[in-house]
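Inspection log for the structure reproduced underneath, given as structure tokens.
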Number of protein chains: 4
Amino acid sequence: MPSEKTNKEKLILDAAVSLFTSKGFVATRMEDVAKTAGISKGLTYFYYKNKEDLFMALTKKAFDQFKDEFRDVYRSKGKNGLEMISELVVRIPAFAKENQVYYDSILNFLDLMKKYNNPETREQIDPKTLASDHFQKLLEIHHEPAKLGVMMISQGIKDGSIRPELQPEITFYTIWSMIIGYEKMMGPIDYEGKEIKITPSNWQPGFLKLLQDMLKGTIQAVKPSTVQGSLF
Amino acid sequence: MPSEKTNKEKLILDAAVSLFTSKGFVATRMEDVAKTAGISKGLTYFYYKNKEDLFMALTKKAFDQFKDEFRDVYRSKGKNGLEMISELVVRIPAFAKENQVYYDSILNFLDLMKKYNNPETREQIDPKTLASDHFQKLLEIHHEPAKLGVMMISQGIKDGSIRPELQPEITFYTIWSMIIGYEKMMGPIDYEGKEIKITPSNWQPGFLKLLQDMLKGTIQAVKPSTVQGSLF
Amino acid sequence: MPSEKTNKEKLILDAAVSLFTSKGFVATRMEDVAKTAGISKGLTYFYYKNKEDLFMALTKKAFDQFKDEFRDVYRSKGKNGLEMISELVVRIPAFAKENQVYYDSILNFLDLMKKYNNPETREQIDPKTLASDHFQKLLEIHHEPAKLGVMMISQGIKDGSIRPELQPEITFYTIWSMIIGYEKMMGPIDYEGKEIKITPSNWQPGFLKLLQDMLKGTIQAVKPSTVQGSLF
Amino acid sequence: MPSEKTNKEKLILDAAVSLFTSKGFVATRMEDVAKTAGISKGLTYFYYKNKEDLFMALTKKAFDQFKDEFRDVYRSKGKNGLEMISELVVRIPAFAKENQVYYDSILNFLDLMKKYNNPETREQIDPKTLASDHFQKLLEIHHEPAKLGVMMISQGIKDGSIRPELQPEITFYTIWSMIIGYEKMMGPIDYEGKEIKITPSNWQPGFLKLLQDMLKGTIQAVKPSTVQGSLF
DNA sequence: AATGAATGAGTCTTCATTCAT
DNA sequence: TATGAATGAAGACTCATTCAT
């Protein structure tokens, strides 16, 4: 009984994920969400104020799951900071591929934040989004994944796998930027092999190597054998 | 006289840019575009098949202008490859800020490409987009800016400002990824100073430094203390 | 309660009949239908997929009612086959006059069938018409009235009121053709009395007589002078 | 030179016929008519007041041509009245098949006449139709074909091929009704062979026979066995 | 005679959301 | 909690027609 309510809520969210994945946000009608969830249209509005609220709830879940990825990496034993970051480079695009909608919702939230932080563009945001409780919660938690990332850099500096002169926040956000852009560029690159000497499969190792070079810096001259060998 | 025809077309496009900027694509009605352009609704459809076609025309112009940025940098005298790339890091976010809609349309096109290249997701693209002549042209020209970027890397390798072991295509696309992500992350970072020790203004030099480190590689081993200390 | 659902549907259909009658199909806007039915525009689309679907629903009802006319005649006691057919000649034009839209929709469906049966012209039919469930049902039932008509001829042959050498199907369809044409020619003939010695009122008995002659055949040989003279 | 004007007019009309045939009246845009005719949109309006006027011009031509069919039959030597009528039964459906649009426009005009003759429905007619000069001319000439038909009946009565007691006007209009309905029913009958024992090819002789029986009357009493047996 | 850019009235249709039950 | 009939605002798009040239 007490979990039934939560159950329906989950049912709706799952339906939304499924439909947003296959048809996109705008093309998905609330009626379809309800039908897919096996409930009535009206009940959907009982659990979620409106379509935007539902999407924010989905975004919230996306961030939670995204954070789990970071946490898993951070908690994994036997990894130095650089290795953690390197694993992130693999994990995040994988997460994006497997959880398309979640990842898209995260990027969408980033765009939302840009508008939100600029008084001039803030009014472009749908009032219903602003009013969503889930949105408000996202305002609080959305940098949690990044916080873990920053901790990884700090860890790397401590364990010597990352250049000591690097500033953790700046460094991590730069890394994250790289990954976000990397994932975004993957699309256009695909299938264009004829014209451009770059493919998803040959880019990945190159990308990782550049990123590591950036982080390791001079260290590699000091003790190159111990660290690098294992990664490439 | 001869430019009158083109004039109306341009008028519409300008109106679209203006409205898409202030209200967004979906919130902008074709009637408003016409009104803003000072013409009738029907004429809008005379020059552009439909709303999507208009947007693709806008995207096409965005790419043209974006390419000009690259060309300007590439043609600028007295710059080595690394300096060109560095300038790009400044120019692109600036372009994004000044030409919000153009930049957004470019990113949107990148997403479109991802869907387009995947047979499963291709059908998610609006048929009207696919049918647009401007879209077809974009398919041909959309990697031109990147081509110039790749040439900059090659130039850097030639002139010794960029590590010789780097592969131009992979390197440039990685750079571009960084920039795209950088621009995207700028939003959430803004105004969050209280919690995170990173702001748009302190990130930029750090970001640039990291990027340069990545490209120069061994150079930094020469005089690491003098250079880095000042930047962080 | 249980009939409420049906009620709204019927309300819409009735409104459509009324408006199609007074303004015609194209000139009638869905909004007017809704307004006339006393409901909202949206609800109209809840019950009927689109304007064409609504029209096909109307056509379906027209055929049902048209069939009832045939059934009534067929079931009427004390009539031989020829008398049934004769009654049909009176009933159908009367039906056409009283149920203008229904009758027109039936003729329209006949035209639709001609296009539908020809692969070359089939594509001229509105896809929405083809997709209508009501259209699909019409494909199944549209010859039911004619079946009853054929049975009347058969009956007439059995009871001796119709020439035994006549083939029922061919004969009935010929009769039906006559009636359709008769109804159609009624328009141009009306009010043209000055130029042509034929009016709706003097045509009807003549038409009926000719039709009966055609069916009875030999009977007229018995006493040709006495019967015919009076009628013309 | 003097015929050029007429030439363009004809070009437009031909284009209209062609397009109305393939797409129907409503689906045909004036722009297409102009394009097909190889002239500009504006010129179309120079020769024809509007779309309705163009259609009325087409209808006028249809009647002219239709009348020619009647005249040809009437003038053909060596035929008695019944044979003329019989030929009409073959000729009219053939005309309908070969000149679909012309025939349809004639039927459309018949419907128009019905509305025109009824004060209550007259207002349903598009004012532009009413204002068309071609429409006005049609009001004068539209019964000319029928007049010839009536003359054929009279001729048949004179030459003994048609029962003397028949009233020419009533008889011919009845015949014409039959033919109109016959043509209209042809559509639904086509391809329905499985369910109904009637096909376009077996109906035609049966239809003709019935019609002749109707007209000849007493003749069939003379030698009924020889004639009827073979046809049914 | 001829052009074709320009107009704008006219309408179907969608769908998020509500609310009586 | 749960339903689903009912609402109505919102917007893209068409096309006959005009008119300056």
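Apply the a/c threshold of 1.5 to the C-alpha gyration tensor of segment D:56-216 and tell me whether it is rounded, prolate or oblate. Here segment D:56-216 falls in the oblate category. Amide H contacts of D:Asp159 (H built 1.01 Å from N, in plane; Pro and chain starts excluded): D:Gly81 sit under 5 Å, all sequence-distant by 5 or more or on other chains.
Classification of segment B:116-205 by its C-alpha gyration tensor yields an oblate form. The axis ratio a/c (a ≥ b ≥ c) is 1.5 or more, and b/c is at least a/b. With R₀ set to 41 Å, the beta-carbon distance separating D:Gln204 from D:Asp64 gives a calculated FRET efficiency near 0.95. Other residues with beta-carbon under 15 Å from the beta-carbon of D:Asp68 carry, at +1 per Lys or Arg and -1 per Asp or Glu, a net charge of +1.
Sequence-distant contacts, meaning Cα pairs under 8 Å at least 6 residues apart, place the relative contact order of chain A at 20 percent. Against the empirical curve 2.2 N^0.38 Å, the C-alpha radius of gyration of segment D:1-48 lands at a ratio of 1.09.
Projecting label points 7 angstrom from Cα along Cα→Cβ for A:Glu144 and A:Leu43 puts them 2.9 nm apart. Taken over the alpha carbons of segment D:1-113 as equal point scatterers, the Debye sum produces base-10 log I(q)/I(0) values at 0.18, 0.20 Å⁻¹ of -0.90, -1.03. With label points set 7 Å from Cα along Cα→Cβ, the inter-copy distances at D:Lys197 are 4.2, 8.3, 10.0 nm, sorted shortest first. Distance cut-off 27 Å, Cα to Cα: go down the list C:Lys216/D:Lys97; A:Lys35/C:Lys115; D:Lys97/D:Lys137; D:Lys67/D:Lys209; A:Lys115/A:Lys209; A:Lys128/C:Lys51 and report the pairs above it. Table pairs above 27 Å Cα-Cα are C:Lys216/D:Lys97; A:Lys35/C:Lys115; A:Lys115/A:Lys209; A:Lys128/C:Lys51. Charges were assigned to the Cβ only: +1 to each Lys and Arg, -1 to each Asp and Glu. The resulting dipole of segment D:1-137 about its Cα centre is roughly 180 debye. Over the protein assembly as shown, the fraction of Cα-Cα pairs per 20 Å bin, rounded to whole percents and listed from the shortest bin up, is 11, 31, 22, 19, 12, 4, 0. When only the Cβ of Lys, Arg, Asp and Glu is charged (+1, +1, -1, -1), the dipole of the protein assembly as shown relative to its Cα centre reaches about 140 debye. Mean residue ellipticity at 222 nm, helices only, chain C: -24500 deg cm²/dmol; runs of at least 4 DSSP H residues each add -39,500 (n - 2.57), and the sum is divided by the number of residues. Helices in chain B that qualify as membrane-span-like (whole DSSP H runs, Cα extent of at least 30 Å along the helix axis, mean Kyte-Doolittle hydropathy of -1.0 or higher) are B:51-75, B:168-189. With 19 Å as the cut-off, how large is the P(r) tail for segment C:110-165, expressed as percent of Cα-Cα pairs? Counting every Cα pair in segment C:110-165, those more than 19 Å apart make up 48 percent.
The numbers here are math on the coordinates, done by the rules we state, and not lab data. The model shown is predicted, which means the values in this text are computed figures rather than measured ones. Cβ: placed from backbone, ideal geometry, glycine included. Neighbour counts: every protein chain shown.
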